[in-house]
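The structure appears right after this line, and notes come after that.
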Amino acid sequence: MSFFALIAERDWEAVGQDGLRSKIMAFTKLSIMDTGNGSATGTPTPPEPDIWTIFRALRDARSTFGLRPSHVQTLQAMLSFLRPGHGDTVFASNHEICRRVGGIDERTLRRHIDRFVDLGFMERHDSPNGKRYRVRSSDGHCISYGLSLTPFLERASELLAAAQEMENARRDRIFLRKQILTRLARLEEVDPRNPFPNEARKVLRRKLTIAEYRALLSKTEAVCQAMSTVVDTPETRNLPANDGQTVRHHSRSEKEQIDSDSGHSAELPELRALTSICQEATSFTTNALGTWSDVENHARTLAPMMGIHSSSFDRALNKAGARKASCAIFIMLQLGNRIRDFAAYFHSITLGRRASEFNPAALLARLSQANGAAA
């Protein structure tokens, strides 16, 4: 038996001859459109979202409409009663809906239905006897008594937009939070005694809005900027007031002391020891590092690759000395994953509070012993 004969036998009594003829013509037209190449209509129309796509959008944006998870579960159960091609009205009884939700009582179900009706997602079409059913006329017209979900489906674009807005806000909050935590980690590395990171982390325990995240990020950046300004401020040298002492006459500029590296000779390793132990750094060059000038140039190349800004590297050269700053780059790269944030660690050992404690020669000696033990 052909497809059209099956349709005729099933629907003849329900819709009549005229209604059946219209169904066949509609099916034929749809088949022609499906088998065509789309040249007659140009760009094909994008498919409409199905009911479950719309439902997921409302589920994700439920807080926008003041809905609780229990409301969403009730709506999910009601949508499960719909069948493709049978309209958008739920004919199931309250008892059956309660069973499918999971055993809620009918008073709770009625409250949920009232809530959806108030929000404009649902309409009641009550029959004279309160039952839910559908009646058809001989010419194909029908009347449905039940809970109509047509308003819910008609607001698909609104719900999808609301869900997308919620998702964008969620991603923005995560992005701002990560920025704040990164800056707090740097502050803790540079100045462990600063109370601001602990205070900020207490604030982050709460559920913040995007505006509150941005305000906290601005405050954190201001603290970081202030800390950077304090670190970059040249230290004032106290000279004795007694004219008889000759300290003034023997004082030299800080830059001259750094360039000579005479005050750090005990802390600086030999060039051969640096290049032989820090093999991670030397593996990034094809040229021999025969002089300290070669080491400095190579360290300047490695610094941006490690997330260290060139201005920070230049400040480290001026304050700690070219050799010590270059040793810091080589040793940090050799330590690798042991350092959480290269930029913050470099700032700490060359410009921050730990600059006076940084001893490249001692660190290289420990690395050499560790490598020997591992071998």
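One table, with the values for the structure above:
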| read-out | value |
| --- | --- |
| The range 103-178 - Rg and Dmax from Cα coordinates, angstrom | 19.1, 66 |
| Debye log10 I(q)/I(0) for the range 300-375, one point scatterer per Cα, at q = 0.17, 0.24 Å⁻¹ | -0.61, -1.14 |
| Per residue, the convex hull volume that the Cα atoms of the range 135-226 enclose (Å³) | 107 |
| Mean-position separation - Cα centroids, the range 102-165 and the range 297-311, in angstrom | 65 |
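Here, each number is a calculation from the coordinates, and none is a lab measurement. Nothing here was measured: the structure is a model prediction, and the numbers come from that model.
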